[in-house]
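Below is one structure, written out as structure tokens, with a few remarks after it.
The values are calculated or read from the model by the stated rules, or taken from the named source; none is laboratory data. Predicted model, so just to flag it, every value in this text is computed and none were measured. As a convention, Cβ positions derive from the backbone with ideal geometry for all residues, glycine included, and neighbour counts pool all protein chains shown. Accessible surface areas use protein heavy atoms only, side chains included; no ligands, DNA or RNA. Shrake-Rupley method; radii C 1.70, N 1.55, O 1.52, S 1.80 Å.
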Amino acid sequence: MIGSLTYDQVQLIADTLEQSAKTVDTITKNLNIEELQDFVSTVESYSKYLKTTIQMNKDADTALEGLKNKQ
């Protein structure tokens, strides 16, 4: 878990953000709105951050479980 959310819930949020950013990027690509393009890039980066956080937490859970089993 990350906070009060399960990994699956965080993954769903990250996937939704990624898809939404792609949709906005597709719609606005020809409009050359730099501020919006910066925002979309930020949303994509945050989605990647969430996915990385999930993996790091899962790895930490695995490592902790291994330590628990040694006791």
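Just to be sure, is residue 12 assigned to a helix (DSSP H, G or I) and in contact with a Ser or Thr (Cβ under 6 Å, 6 or more places away or on another chain)?
no
Looking at 57, 30, which one is open to solvent by 90 Å² or more (accessible area, probe 1.4 Å) and of a type in the set (S, T, N, Q)?
Working: 57 fails: open to solvent by 90 Å² or more (accessible area, probe 1.4 Å).
The unique qualifying residue is 30.
Between residues in the range 15-32 that are β-branched (Val, Ile, Thr) and residues that are surrounded by 11 or more Cβ atoms within 10 Å (Cβ to Cβ), which pairs lie under 6 Å by C-beta distance while being six or more apart or on different chains?
24/40; 28/36
Filter the range 36-52 down to residues that are β-branched (Val, Ile, Thr) and under 13 Å from residue 17 (Cβ atoms) and give me whichever is least open to solvent (accessible area, probe 1.4 Å).
Selected residue: 40.
Residue check: is residue 28 in contact with a Leu (Cβ under 8 Å, 6 or more places away or on another chain), polar (S, T, N, Q) and part of a helix (DSSP H, G or I)?
Yes; evaluated as a whole, the condition is true for this residue.
Please work out if residue 54 is hydrophobic (A, V, I, L, M, F, W, C), assigned to a helix (DSSP H, G or I), without any contact (Cβ under 8 Å) to a residue 60 or more places away in the chain and closer than 19 Å to residue 1 by Cα.
yes
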